[in-house]
Each structure stands twice: as structure tokens, then as C-alpha cells.
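Student: Encoded as C-alpha cells, here's the structure I'll be asking about.
The values are calculated or read from the model by the stated rules, or taken from the named source; none is laboratory data. Fair warning: this is a prediction, and the values are worked out from it, not measured in the lab. Cβ placement follows ideal geometry from the backbone for every residue including glycine, while neighbour counts extend to all protein chains displayed.
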Amino acid sequence: MARRPRAEAPKRDPNEGIKPTNLADALGQRYLSYALSTITSRSLPDVRDGLKPVHRRILYGMSIMRLNPGTAYKKSARVVGDVMGKYHPHGDSAIYDAMARLAQDFAVRYPMVDGQGNFGSIDGDNPAAMRYTEARLTEAAALMLDGLDEDTVDFRPNYDGTESEPAVLPAAFPNLLANGATGIAVGMATNIPPHNVAEICDALSHLLKFPNARVDKLVDFIKGPDFPTGGIVVESRETIVEAYRTGRGSFRIRAKWEKEELKGGAYQIVVTEIPYQVAKSKLIERIAELLNEKKLPFLEDINDESTTDVRIVLTPKSRNIEAEHLMEQLYRSTDLETRFGLNMNVLDGHQIPRVMALNEVLKAYLDHRREVLQRRSKFRLAEIDRRLEILEGYLVAYLNIDEVIRIIRHEDEPKPVMMKKWKLTDLQAESILNMRLRALRRLEEIEIKGEHKKLTAEKKDLNALLKSEELQWDKIGEEVKELKALYGPKTELGRRRTDFGDAPSAEIIPLEVMIEREPITILCSQKGWIRAMKGHVEPEVSAEAKYKEGDRGRFELRAETTDKLLIFATNGKFYTIGCDKLPGGRGFGEPVRLWIDLANEHDIVTMMIYKPGQKLLVAGHDGRGFVVPTDEVVAQTKNGKQVLSVPEGVEAVVATLVPEGADMLAVIGENRKLLLFKLEEVPEMNRGRGVTLQKYKDGGLSDARAYVRKEGLTWKLGEKTRTETALGDWIGQRAQAGRLPPNGFPKNNKFG
């Protein structure tokens with residue numbers, strides 16, 4: 001038989017069904033869909049139960065598996081598989097990570113999952129694999145699910161339509177504020193710290209009595225966050241109120257520590273609580289790095305002696321260092337102080353994301369609880385009506401038991417016969433037929449009437465409850481009181497863990513308070529080799545100090561390790577070195593240029609110990625100078641601080657202390673001309689060239705000194721000191737030439 005030719009399929013236009021669309025419109029539409037999905041179905045918590053979808057699905061899945069408190073644990077892998085297969089098809093690792101966090105008492109203030117096995121640690125360790133751990137629900141999670149099977153919330157189809165899941169949980173536990181939430185959506189984020197449930201209950205009770213209560217009043221009850229790891233919140237009440245009023249802000253958290261006294265007056269600091277979400281191991285590692293880099297000169301050592309409780313031991317370098325100052329520096333340098341941002345961005349009851357204030361969050365929770373109460377009451381009313389209908393049918397059967405038995409025995413269709421004979425409903429007749437004869441025999445009229453009366457009274461109360469808003473709020477108030485009794489401040493889980501402290505001062509503690517104060521003698525040679533000998537040595541001892549060949553001593557200063565050394569150079573710059581950083585007295589010391597950027601063509605003019613509040617006279621070889629406060633010459637960098645501006649070819653030659661009460665200035669030039677004039681003729685400046693102190697035809701300024709006229713001018717002659725008061729002939733005006741000094745004035749034209 002010949003094969004019939006096959007009919008050719010009609011040709012299809014490849015462009016059929018394709019609509020031209022602007023690329024920007026297509027991308028915008030798809031990105032908007034993605035953004036809305038991320039915001040509403042992944043990242044932001046619901047204000048009513050405080051849960052994201054993944055957490056809600058985990059709790060619901062565990063409740064379906066009957067993993068209630070007190071029951072046997074089941075493998076976490078089984079929970080994850082069930083939740084992923086039925087409700088959350090986003091990968092097992094995402095589900096297990098979320099589930100593990102719900103079990104971590106250092107991450108969640110009130111854990112929702114009771115875990116057995118390794119669920120991670122405060123050191124930052126990851127949980128064990130899901131096949132090794134087991135889990136069940138906690139009491140707090142049971143409260144979140146309480147009434148779920150009583151039509152208290154809406155259910156929606158799961159991702160494939162084969163199951164249903166709750167859109168929100170009944171939430172008899174204020175989870176949003178109690179456990180907080182963190183999430184990053186598209187274009188928005190949320191960050192809510194955990195709080196104390198007892199305090200939340202107090203605020204809810206107050207809000208029930210005073211619905212228009214303001215945030216500053218509610219903060220009297222909810223004092224601030226209560227982190228699972230404790231710590232201290234150091235923010236003023238005004239800052240906390242403003243954060244809760246706007247829904248945005250931040251809280252500064254500090255570690256909690258205590259001082260332990262040791263033998264010999266020594267001590268150590270023990271950190272017992274660290275800020276929230278700080279991994280202890282990384283914190284210690286960071287402190288150790290700073291210690292090795294010598295950025296913590298006040299800290300000797302750090303040790304981790306933690307077991308189940310945190311115990312980080314800090315050893316100071318000296319017992320003279322104040323513990324408060326040491327910790328203040330650590331707070332500024334490490335994660336022993338952190339900030340937790342507040343951003344109460346949540347989905348409201350209509351699934352619209354917005355930032356809420358504290359009172360709005362509490363009201364939204366109370367409104368949800370009222371809706372749950374109403375729906376639960378209606379569900380119970382329907383159950384009561386059904387039961388009353390059945391009981392009335394039982395009563396008819398009991399009163400006519402012989403006739404009921406006869407009808408059942410002889411009638412082919414006993415149900416319609418009974419319904420017609422005693423005017424029973426379909427439910428009543430069906431219930432009678434489904435009863436066992438044994439139960440019917442034991443049925444007593446008094447029991448039926450007793451249950452009927454009890455249910456009728458309950459029905460009356462429920463109807464009254466549904467009609468009265470006041471009764472509904474009273475009922476919610478009772479539930480809040482019961483919750484506070486479960487998580488009160490006297491319970492282990494309910495007691496407040498985070499304390500409050502005063503806001504830290506913005507003042508930076510100077511490093512010198514961290515340095516052990518010890519006397520030293522600073523020696524600097526002619527060639528600029530510097531060293532610090534321990535103690536204030538006698539002149540004859542320092543005179544025996546050895547120097548490199550061809551070098552000799554130049555400067556000798558008595559100081560303490562907490563002092564700052566000021567160095568004035570011929571370039572007009574002041575340099576500052578901490579005396580604690582100077583090399584020891586053994587050997588020849590080290591070149592001072594290792595600490596300061598002083599060019600080889602410039603030299604040191606003088607050295608002195610910095611004393612705040614004093615004044616200096618600075619002058620150049622050209623005879624120009626001015627008075628400058630010592631507080632203005634301290635340099636912060638190795639490059640120094642330019643104070644005296646010297647033109648090319650001119651060097652700075654004088655930097656001398658102005659004694660307290662000084663009223664005269666003496667200047668002498670290289671031409672051996674001495675001039676005295678009033679100090680008030682010299683201006684006080686912070687920087688510049690200054691004014692002309694003395695004029696010269698040749699040479700320049702040799703030396704200058706400020707003094708008190710009544711006490712006289714002093715200069716050195718060898719080992720002796722001479723004081724002269726009869727100097728009226730040399731007193732003139734600033735910028736004059738002066739005249740030859742009195743007999744006996746040093747030949748080097750220096751005051752000494």
C-alpha cells in the first residue's frame with residue numbers, strides 16, 4: 001500500500017507574538033518587580049509579628065512537624081528539607097543559616113529555636129552541618145504560633161500551590177522589638193535592635209490606658225535596647241528619645257569591664273561583656289595587632305580566659321595608668337565600642353514599607369493582637385454554636401432513646417425519618433447516628449444540660465466581647481500582664497542585660513596620662529646625638545658622660561617621661577618629641593634627626609621642656625622677633641611647626657623664656673652693643689617675622705633676654721652669675737642701636 005503524502009504544516013511567522021518595547025521600559029518594569037519582591041518577600045520584617053518570610057516559614061514548618069517545647073528534638077536537616085520543599089525554595093543554606101541564628105542566644109535576645117549541638121559561638125565560629133544538629137521550638141516561638149489553627153490569621157498558597165502558609169503569625173509575643181531585625185532590600189534597609197520584653201509589656205500597658213502617649217513617655221518604660229551580649233549603652237536620654245521618635249538614629253555600645261586588684265598594688269582589667277554582633281576572636285586579634293604595631297603604648301598584654309562566659313584580661317604597662325583612661329583609649333581604637341544604627345523600616349499591616357516611630361510600632365502590634373482576638377472569638381463562637389446544636393440533638397436522643405433505637409433497627413434510611421419526627425438538623429441527625437450505642441447508654445441528661453449551660457454562658461461572654469471595644473482592650477491587657485509574668489525582670493531570660501552609662505566626653509585624653517611618670521636627664525651633644533638618662537643625675541655625673549670622638553655635650557635638661565621636648569632650629573621651626581620616646585642613657589644615644597625632619601644645612605638653636613601657659617621670645621639674626629605662647633609652638637608632626645619666618649640668608653638665633661612678670665627686654669648684637677627697652681613694645685604673635693628689636697650697621701643679633709626690671713639683669717661669668725640693676729644708661733626705645741655693655745659683660749656677647 002502506498003504511503004499517503006504528509007500534509008505540510010503551515011509556516012509560522014517567527015516574529016508572531018513579539019511586541020516591540022523600549023529597553024528602558026522593559027528593564028524598569030522588571031527591576032521594579034524584583035525590588036517589590038525583595039522588599040515584601042525577603043528583606044523587611046512585618047510590623048505585626050516582626051518576622052521575615054524565611055523565619056515565619058521555619059517556625060510554621062516546625063509547628064507542622066510537632067516540634068513543640070518539651071517534645072523530642074529532630075534533626076535540623078529534616079526541618080530544613082521540609083521547609084525548603086514546601087514553603088521556601090531558596091536553598092538549604094539560606095534556611096539553615098536563618099534557623100541557626102534563631103537558636104543563638106548571643107545573636108537573638110529571645111531564641112525561637114531550641115538547638116541541640118553546635119550552633120556557633122560568640123567567637124564567630126560557624127554552626128555545625130545541619131546533619132549534626134537537632135532542634136525544636138522554644139516557649140517564645142510557641143507564643144508566636146498560639147492560635148494559628150483557630151482562624152486568627154489569613155493563609156495563602158505556597159510557591160507551587162500545593163500547600164498553604166500563614167501570611168502572618170498570631171504573635172502573642174512582641175517579636176519585632178524583642179528580637180529586633182536586620183535586612184537590606186532594594187533601595188532601603190532595616191536595622192532594629194532587640195529590647196527587653198518586660199519593658200515592652202510596661203509600654204504596651206501604658207499605651208492601652210493612654211492611646212495618645214508620646215514617645216518621650218514610652219521611653220520611661222522602654223529605656224533603650226537590651227542586647228543579648230549585654231554591654232553598656234552610652235547615649236543621653238535626649239538622643240534615645242529622638243531616635244525612637246523619628247525611627248532613625250544610632251546607639252553607642254561599650255564593653256563592660258571591671259578592675260581586679262593584684263598583689264603589690266598592680267591591677268588588671270577584665271572585660272566581661274562585649275558589644276552586640278562583635279566576634280570575640282576578631283576583637284582580640286585586632287587588639288593584638290595594634291599591640292604588636294605599638295599603637296597601644298599603655299597596654300602590656302591581652303589574654304582570652306573565656307569559657308561559657310566572656311573574660312578578656314587586659315594588662316596595663318604600669319599600675320600608675322588609670323584604668324578609666326586605658327579603657328577610654330581602647331574604646332576609641334577598637335570594637336570595644338561600636339555603634340548600632342536604628343532604622344525602624346518595616347512592612348505595615350497593608351504590606352507597605354515605611355519608617356515607624358516607637359509608638360506606631362507598639363500601636364500596630366496592639367491592633368494586630370486585637371484582630372487576632374476578634375477572629376479567635378468568632379472561630380470559638382462558631383465551634384460553640386456547632387456543639388450546642390449537637391448537644392440539643394443528643395438531648396432529644398436521650399429523651400427518646402428507645403424510639404431512636406427502633407428507627408435505626410427497622411428503617412432503611414433512619415436519618416430522614418429522625419429529622420422529620422423530631423425536627424432535627426442534618427448535623428444533629430448525623431451526630432446521633434455516629435454515636436456508639438455504649439456512649440448513648442451512658443449519656444445523662446444532667447451532663448448534657450451542664451455542658452449546654454456552660455457553652456451558652458461562654459457564647460454570651462464572647463458576643464459581649466465582640467461588641468465592646470473596651471472589653472477587647474481589657475482582654476489584651478490581661479494577655480500583656482501574663483506575658484510579663486513569664487518574662488519578668490526576676491526571670492533569668494527576662495532580666496535586663498544591657499546597662500546604661502553617661503555619654504562619653506568628646507575630649508581626647510592626652511597620651512601622657514598613659515605613660516608612667518619617671519624622672520630623666522636629657523643630654524644632647526654638639527653634633528645632635530640625644531639620649532635620656534634615668535633619674536635627675538647630678539652635674540658631676542652628667543659631666544662624665546661619654547660622647548663620640550670629636551663630639552661634646554651641648555644641652556642638659558632635667559625632665560620627666562610625660563614631658564614634651566621642644567627643639568628650636570635655625571630655620572625658625574619648632575619640633576616636638578615625647579620624652580618617653582627618647583633613647584636610653586646607655587651608649588651615645590641616637591641622632592635627633594631620626595625623630596624630626598631637620599635638614600642638614602640647619603642646626604639646633606635651643607632645647608627646652610614644654611610648659612603650657614608660658615611665653616617665649618623668638619628672634620632671628622637680622623634682629624627681628626616677637627613673643628609667642630608656648631601652646632602655639634607645639635608641633636604635631638616630624639616636619640615641625642614654622643613659627644619664626646626667616647628670609648633667605650637669615651637664621652633664627654634666639655628662643656628664650658619670658659619669665660612671669662617680666663617687663664623689660666635686653667638685646668645685644670654681635671657688634672657688642674647692648675639695648676634695653678620695655679617688653680610691651682614687642683608684639684605677641686603666633687607666627688611671622690616680628691618687629692625690629694635692634695639695628696645694626698654690621699653683624700646681627702647675638703642674644704636676647706626678658707627680665708623683671710626691679711630684679712635686675714643677670715648674666716653668667718664663667719661659673720659665677722652677676723646681677724646688675726643700675727642700667728638706666730642702656731634703656732632706650734625698640735629698634736635703636738644701643739651702646740657698649742657694662743664692664744664685666746661676657747666677651748662672647750651671651751647672657752649665658
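Student: Going residue by residue through the stretch 35-47, is there one that turns out to be surrounded by 10 or more Cβ atoms within 10 Å (Cβ to Cβ), at pLDDT 75 or above, in contact with a Leu (Cβ under 7 Å, 6 or more places away or on another chain) and not aliphatic (A, V, I, L, M)?
Tutor: Taking every residue of the stretch 35-47 in turn, at least one turns out to be surrounded by 10 or more Cβ atoms within 10 Å (Cβ to Cβ), at pLDDT 75 or above, in contact with a Leu (Cβ under 7 Å, 6 or more places away or on another chain) and not aliphatic (A, V, I, L, M).
Student: Ok, one more. Which ones in the stretch 711-738 are modelled with pLDDT of 90 or more and among the basic types (K, R)?
Tutor: Within the stretch 711-738, R734 is the sole residue that qualifies.
Student: Of the residues H602, H536, which single one is in a loop (DSSP other than H, G, I, E, B) and modelled with pLDDT of 90 or more?
Tutor: H602
Student: Could I ask something else about it? For the stretch 293-347, which positions are of a type in the set (S, T, N, Q) and under 29 Å from I240 (Cβ atoms)?
Tutor: Q329, S333, T334, T338, N343, N345
Student: Same structure again: Could you list all residues from the stretch 349-380 that are over 27 Å from the mean Cα position of the chain (by Cα) and in a loop (DSSP other than H, G, I, E, B)?
Tutor: Those that are over 27 Å from the mean Cα position of the chain (by Cα) and in a loop (DSSP other than H, G, I, E, B): G349, H350, Q351, I352.
So that you can scan it fast, the table gives a plain yes or no per residue for (1) touching a Ser or Thr at 6+ places or on another chain (Cβ under 7 Å); (2) more than 30 Å from A485 (Cα to Cα):
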{"site": "P127", "(1), (2)": "yes, yes"}
{"site": "T133", "(1), (2)": "yes, yes"}
{"site": "R136", "(1), (2)": "yes, no"}
{"site": "E139", "(1), (2)": "no, no"}
{"site": "A142", "(1), (2)": "no, no"}
{"site": "G147", "(1), (2)": "no, no"}
{"site": "V153", "(1), (2)": "no, no"}
{"site": "Y159", "(1), (2)": "no, yes"}
{"site": "P166", "(1), (2)": "no, no"}
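Student: For K573, which of the numbered conditions (1) surrounded by fewer than 19 Cβ atoms within 10 Å (Cβ to Cβ); (2) basic (K, R); (3) within 50 Å of the chain's Cα centre (by Cα) fails to hold?
Tutor: It is condition (1) that K573 fails.
Student: How many residues are outside any loop (DSSP other than H, G, I, E, B) and touching an Asp or Glu at 6+ places or on another chain (Cβ under 9 Å) if we restrict to the stretch 558-572?
Tutor: 3
Student: While we're looking at this one, here's another question. Would you check which residues across the stretch 481-492 are part of a loop (DSSP other than H, G, I, E, B) and under 16 Å from A203 (Cα atoms) and list them?
Tutor: Result: Y487, G488, P489.
Student: Suppose we filter the stretch 82-104 for residues that are without any contact (Cβ under 8 Å) to a residue 40 or more places away in the chain, assigned to a helix (DSSP H, G or I) and out of contact with any helix residue (DSSP H, G or I) (no Cβ under 6 Å at 6 or more places or on another chain); how many remain?
Tutor: 6
Student: So if I check each of A662, A726, A706, A735, which one is among the hydrophobic types (A, V, I, L, M, F, W, C) and not in a loop (DSSP other than H, G, I, E, B)?
Tutor: Criteria check complete, one pass: A706.
Student: Among the residues of the stretch 373-380, are any crowded, with 19+ Cβ neighbours inside 10 Å and closer than 25 Å to D499 by Cα?
Tutor: Within the stretch 373-380 (the criterion being crowded, with 19+ Cβ neighbours inside 10 Å and closer than 25 Å to D499 by Cα), the answer is no, since none of the residues qualifies.
Student: In this structure, is P228 touching a Ser or Thr at 6+ places or on another chain (Cβ under 7 Å) and either in the same structural domain as P111 (by TED's automatic domain parsing) or under 30 Å from D216 (Cβ atoms) (or both)? Break it down stepwise before answering.
Tutor: Details: touching a Ser or Thr at 6+ places or on another chain (Cβ under 7 Å): no; either in the same structural domain as P111 (by TED's automatic domain parsing) or under 30 Å from D216 (Cβ atoms) (or both): yes.
Taking the combined requirement at face value, the residue does not satisfy it.
Student: Considering only residues of the stretch 250-268 that are in contact (Cβ under 8 Å) with a residue 40 or more places away in the chain and within 21 Å of the chain's Cα centre (by Cα), which is farthest from R497 (Cα to Cα)?
Tutor: By that ranking, first place goes to S250.
Student: Quick one: which helices (runs of 4 or more DSSP H) lie wholly within the stretch 135-222 and hold at least 2 residues that are closer than 20 Å to P353 by Cβ? Full working, then the answer.
Tutor: Values: elements: 139-145, 175-179, 197-209, 215-218.
Result: 175-179.
Student: Something else now. Hey, among the residues in the stretch 493-530 that are at pLDDT below 65 and part of a loop (DSSP other than H, G, I, E, B), which one's surrounded by the most Cβ atoms within 10 Å (Cβ to Cβ)?
Tutor: Among those residues, the one meeting the criterion is I515.
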